[in-house]
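K.L.:
Before we start, here is the structure in question, set down as structure tokens.
The values are calculated or read from the model by the stated rules, or taken from the named source; none is laboratory data. All values reported here derive from a predicted model rather than from experimental measurement. In this analysis, Cβ positions are derived from the backbone assuming ideal geometry, glycine residues included, and neighbour counts consider all displayed protein chains. For accessibility, only protein heavy atoms count, side chains too; no ligands or nucleic acids. Shrake-Rupley method; radii C 1.70, N 1.55, O 1.52, S 1.80 Å.
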Amino acid sequence: QVQLAESGGGLVQAGGSLRLSCAASGRTFDTMGWFRQAPGKEREFVAAVIRLGVTYYASSVKGRFTISKDNAKNTMYLQMDSLKPEDTAIYYCAAMTRYSSVFDQTGYNFWGQGTQVTVSS
């Protein structure tokens, strides 16, 4: 059974850092990503990593967030630095097994349960 399990969320002050982890079990994935959903807003793309470690970022997080994947541990990470109150959201990890745009959540066919990130001002 394939499962994605996020961890690492929490409460942090603006300017602080958090690292999210997403442990995959049941199979490995070449393409994984992070999405987030703030209260009252639609879920949005944050970052993705594909084969050979190529990465993609939303413009709102580029330069502050770093996505990475440890294939030996079958785990993806999101290092979040210089956090802002507007980064407050539930963060979801996702993985896909088919060819699709990394920016489009409909292409991902496996999702974690989400982890809350709250940034206070």
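K.L.:
Which one of these does GLN105 not meet: (1) closer than 20 Å to GLY8 by Cβ; (2) of a type in the set (S, T, N, Q); (3) in contact with a Lys or Arg (Cβ under 7 Å, 6 or more places away or on another chain)?
P.N.:
Condition not satisfied by GLN105: (1).
K.L.:
Looking at the stretch 66-88, is at least one residue of a type in the set (S, T, N, Q), touching a helix residue (DSSP H, G or I) at 6+ places or on another chain (Cβ under 6 Å) and open to solvent by 60 Å² or more (accessible area, probe 1.4 Å)?
P.N.:
Restricting attention to the stretch 66-88, the residues satisfying the condition of being of a type in the set (S, T, N, Q) are 66, 68, 71, 74-75, 79, 82, 88.
Okay, now just the ones that are also touching a helix residue (DSSP H, G or I) at 6+ places or on another chain (Cβ under 6 Å), so none.
No, the stretch 66-88 contains no residue that is of a type in the set (S, T, N, Q), touching a helix residue (DSSP H, G or I) at 6+ places or on another chain (Cβ under 6 Å) and open to solvent by 60 Å² or more (accessible area, probe 1.4 Å).
K.L.:
Of all the residues that make up the stretch 1-16, how many are assigned to a loop (DSSP other than H, G, I, E, B) and either closer than 25 Å to SER120 by Cα or open to solvent by 70 Å² or more (accessible area, probe 1.4 Å) (or both)?
P.N.:
Initially, the stretch 1-16 is screened for residues assigned to a loop (DSSP other than H, G, I, E, B), giving 1-2, 8-9, 14-16.
Filter once more, so that each one left must be either closer than 25 Å to SER120 by Cα or open to solvent by 70 Å² or more (accessible area, probe 1.4 Å) (or both): 1, 8-9, 14-16.
Total meeting the criteria: 6.
K.L.:
Now for a different question. Take the residues in the stretch 89-98 that are open to solvent by 10 Å² or more (accessible area, probe 1.4 Å) and not aliphatic (A, V, I, L, M), then tell me which one is modelled with the lowest pLDDT.
P.N.:
The qualifying residue modelled with the lowest pLDDT is ARG98.
K.L.:
Mind telling me which of the residues ARG43, ARG19, ARG36 ends up being over 19 Å from GLN3 (Cβ atoms), open to solvent by less than 20 Å² (accessible area, probe 1.4 Å) and among the basic types (Lys, Arg)?
P.N.:
On the way: ARG43 fails: open to solvent by less than 20 Å² (accessible area, probe 1.4 Å); ARG19 fails: open to solvent by less than 20 Å² (accessible area, probe 1.4 Å).
Of ARG43, ARG19, ARG36, the one residue that is over 19 Å from GLN3 (Cβ atoms), open to solvent by less than 20 Å² (accessible area, probe 1.4 Å) and among the basic types (Lys, Arg) is ARG36.
K.L.:
Looking at (1) assigned to a strand (DSSP E or B); (2) under 15 Å from LEU4 (Cβ atoms), which is the only condition GLN79 fails?
P.N.:
Checking GLN79 against (1) assigned to a strand (DSSP E or B); (2) under 15 Å from LEU4 (Cβ atoms), the one that fails is (2).
K.L.:
Is there a residue in the stretch 55-70 that is farther than 19 Å from THR118 by Cα and aromatic (Phe, Trp, Tyr)?
P.N.:
yes
K.L.:
Output the number of residues of the stretch 99-121 satisfying the condition of being outside any strand (DSSP E or B), open to solvent by 40 Å² or more (accessible area, probe 1.4 Å) and under 17 Å from LEU4 (Cα atoms).
P.N.:
Step one: filter the stretch 99-121 for residues outside any strand (DSSP E or B), giving 99-109, 112-114, 121.
Going one step further and asking which of them are open to solvent by 40 Å² or more (accessible area, probe 1.4 Å), we end up with 99-101, 103-106, 109, 113, 121.
With the extra rule that they be under 17 Å from LEU4 (Cα atoms), the set shrinks to 105-106, 109, 113.
Selection size over the stretch 99-121: 4.
K.L.:
Filter the stretch 46-65 down to residues that are in a strand (DSSP E or B), open to solvent by 30 Å² or more (accessible area, probe 1.4 Å) and not β-branched (Val, Ile, Thr), then give me how many there are. Break it down into steps so the answer makes sense when it comes.
P.N.:
Of the residues in the stretch 46-65, the ones in a strand (DSSP E or B) are 46-49, 55-57, 62, 65.
Then drop every residue that is not open to solvent by 30 Å² or more (accessible area, probe 1.4 Å), which leaves 55-57, 62.
After this cut, where a residue has to be not β-branched (Val, Ile, Thr) as well, the list is 56-57, 62.
Matching residues across the stretch 46-65 total 3.
K.L.:
Looking at LYS69, LYS41 in this structure, which one is part of a strand (DSSP E or B) and charged (D, E, K, R)? Let's see the steps before the verdict.
P.N.:
On the way: LYS41 fails: part of a strand (DSSP E or B).
Checking each option against the conditions leaves just LYS69.
K.L.:
Next up: Residue check: is SER21 out of contact with any Cys (no Cβ under 9 Å at 6 or more places or on another chain) and polar (S, T, N, Q)? Lay out the reasoning, then the answer.
P.N.:
Working: out of contact with any Cys (no Cβ under 9 Å at 6 or more places or on another chain): no; polar (S, T, N, Q): yes.
Against the criterion (out of contact with any Cys (no Cβ under 9 Å at 6 or more places or on another chain) and polar (S, T, N, Q)), SER21 does not qualify.
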